[in-house]
Ligand code: PMT
């Protein structure tokens, strides 16, 4: 694997020597790019000796560019790792700046980028840094959590560079998560002839003829699962809330609007299915009595109260049936991801739950996602990747989990 290691200015820069050693020992080809700040802390020659390549540090050096131009260098790696990633570099990446070689390469590449931040604890906690990180995560950067403990400045807190061995593992996992799952090849054997019922998208709960309560679900996750399952040879029924997506003709699509309609459609279809996957973002409540005419704004009335009643819990209902299909739910959480997902797994009596963090704009609407898959006895972390790829890994995990219990 070709790894481009970016080293930015920070006292932890010396630890990246160990990282290069680990990469090289594992048989990877490593090229190092240093920022001017990094060179204040460590000599390029040390990286050159360990990587076996001259260190690149300039965008405008004709000699360096003559060997391999910066655009060519941006295409060379399978993955870019920035360790340590300073607060300054995070800010520049967030802004899309290209005023040095490293940031230019990051702008000019379509390869995955892993960031291992390291900085003083207050710089780490600063709202500016946290906002930069959130934005970068939403754009698909993979970001490691820094370590906690005594810092070079004498303070104690979060902001230490993760251990080189952990950065090494995170790099390998990131690249592995982007490869087609080898188990995908044997999947058609498992899924052929199986019937999958999948819900996707939002539900819209009407307030009056022109207004409704909805949510941000685009349907991308559920549709990706439906496509992957059809590709693996399964018979797929997709019950979808209102979204702007198309599906292959081999998939039987049922369009619904409200949670109640989705529930009725699931009731009609669940009995013949082997696996039910509930990826839809179903409204927990609906308007008790939607108005038949458009609600008018009334002069002098500053408040408007809408009465809501609970919708049926569709996935819970399916899990209560006998016989029942293998039931997979999703959990969209903004905090305590694993704890809340475990709670839903048990409370709704599901066979599996796919937990996704939806804080800071993640999960909903995006093309990529990250999932924590949980059953009573198994657990798998699917790192951030396109939903189309996650869908395949999810189907592999479901197939393995069902096979294990048979
Ligand atoms: O559609 P995308 O833009 O691609 O975004 C994907 C997603 C974030 C919507 C998806 O990955 C996801 O997390 N879907 C579930 C969202 C959700 O409603 O989660 P929840 O924690 O509120 O519900 C838990 C489970 O119960 C879900 O499987 C849900 O489908 C189901 N449920 C919820 C309420 C209800 N009345 N009936 C249900 O069946």
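Couple of notes before you dig in:
- Residue 360 touching a helix residue (DSSP H, G or I) at 6+ places or on another chain (Cβ under 6 Å), closer than 30 Å to residue 210 by Cα and more than 10 Å from the ligand (Cβ to nearest atom): yes
- Of all residues assigned to the range 307-314, at least one qualifies as being within 26 Å of residue 221 (Cβ to Cβ), within 9 Å of the ligand (Cβ to nearest atom) and in a helix (DSSP H, G or I).
- Test: residue 373 is within 13 Å of the ligand (Cβ to nearest atom), touching a residue at least 40 places away in the same chain (Cβ under 8 Å), within 24 Å of residue 233 (Cβ to Cβ) and in contact with a strand residue (DSSP E or B) (Cβ under 8 Å, 6 or more places away or on another chain): no
- Pairing residues of the range 236-261 that are not assigned by TED's automatic domain parsing to the domain that holds residue 194 with residues that are part of a loop (DSSP other than H, G, I, E, B), at Cβ distances under 6 Å and at least 6 apart in sequence or on separate chains, gives no pairs at all.
- Any hit, the range 342-352, residues being within 17 Å of the chain's Cα centre (by Cα) and within 10 Å of the ligand (Cβ to nearest atom): no
- Members of the range 52-69 that are in contact with a helix residue (DSSP H, G or I) (Cβ under 6 Å, 6 or more places away or on another chain) and either outside any loop (DSSP other than H, G, I, E, B) or within 14 Å of residue 107 (Cα to Cα) (or both): 56, 59
- Of the residues making up the range 35-45, just one is in contact with a helix residue (DSSP H, G or I) (Cβ under 6 Å, 6 or more places away or on another chain) and either in a helix (DSSP H, G or I) or surrounded by fewer than 12 Cβ atoms within 10 Å (Cβ to Cβ) (or both), namely 38.
- Taking the listed residues 119, 68, 95, the one that is surrounded by 14 or more Cβ atoms within 10 Å (Cβ to Cβ) and over 30 Å from residue 150 (Cβ atoms) is 68, with no other qualifying.
- Strands (runs of 3 or more DSSP E) completely within the range 324-396 that count 2 or more residues being within 22 Å of residue 197 (Cβ to Cβ): 326-333, 352-357, 368-374
- Looking across 137, 224, one residue alone is crowded, with 19+ Cβ neighbours inside 10 Å, within 16 Å of the ligand (Cβ to nearest atom) and modelled with pLDDT under 95. It is 137.
- Of the residues making up the range 231-274, those that are assigned to a helix (DSSP H, G or I) and touching a helix residue (DSSP H, G or I) at 6+ places or on another chain (Cβ under 9 Å) number 7.
Conditions tested, residue by residue: (1) modelled with pLDDT under 95; (2) surrounded by fewer than 16 Cβ atoms within 10 Å (Cβ to Cβ); (3) within 8 Å of the ligand (Cβ to nearest atom).
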{"residue": "256", "(1), (2), (3)": "no, no, no"}
{"residue": "265", "(1), (2), (3)": "no, no, no"}
{"residue": "282", "(1), (2), (3)": "no, no, yes"}
{"residue": "286", "(1), (2), (3)": "no, no, no"}
{"residue": "292", "(1), (2), (3)": "no, yes, no"}
{"residue": "321", "(1), (2), (3)": "no, yes, no"}
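- When the range 174-212 is filtered for residues that are surrounded by fewer than 17 Cβ atoms within 10 Å (Cβ to Cβ), in contact (Cβ under 8 Å) with a residue 24 or more places away in the chain and more than 20 Å from the chain's Cα centre (by Cα), the ones remaining, listed by number, are 183, 188, 192, 193, 206, 208, 209, 210, 211.
- The residues in the range 173-213 that are under 22 Å from residue 247 (Cα atoms) and within 16 Å of the ligand (Cβ to nearest atom) can be counted, and the count is 9.
- Selected residue [outside any loop (DSSP other than H, G, I, E, B) and under 24 Å from residue 57 (Cα atoms)] from 103, 109, 129: 103
- Residue 365 more than 22 Å from residue 281 (Cβ to Cβ) and in contact (Cβ under 8 Å) with a residue 60 or more places away in the chain: no
The values are calculated or read from the model by the stated rules, or taken from the named source; none is laboratory data. Please read these numbers as outputs of a predicted model, since none were measured by experiment. As a convention, Cβ positions derive from the backbone with ideal geometry for all residues, glycine included, and neighbour counts pool all protein chains shown.
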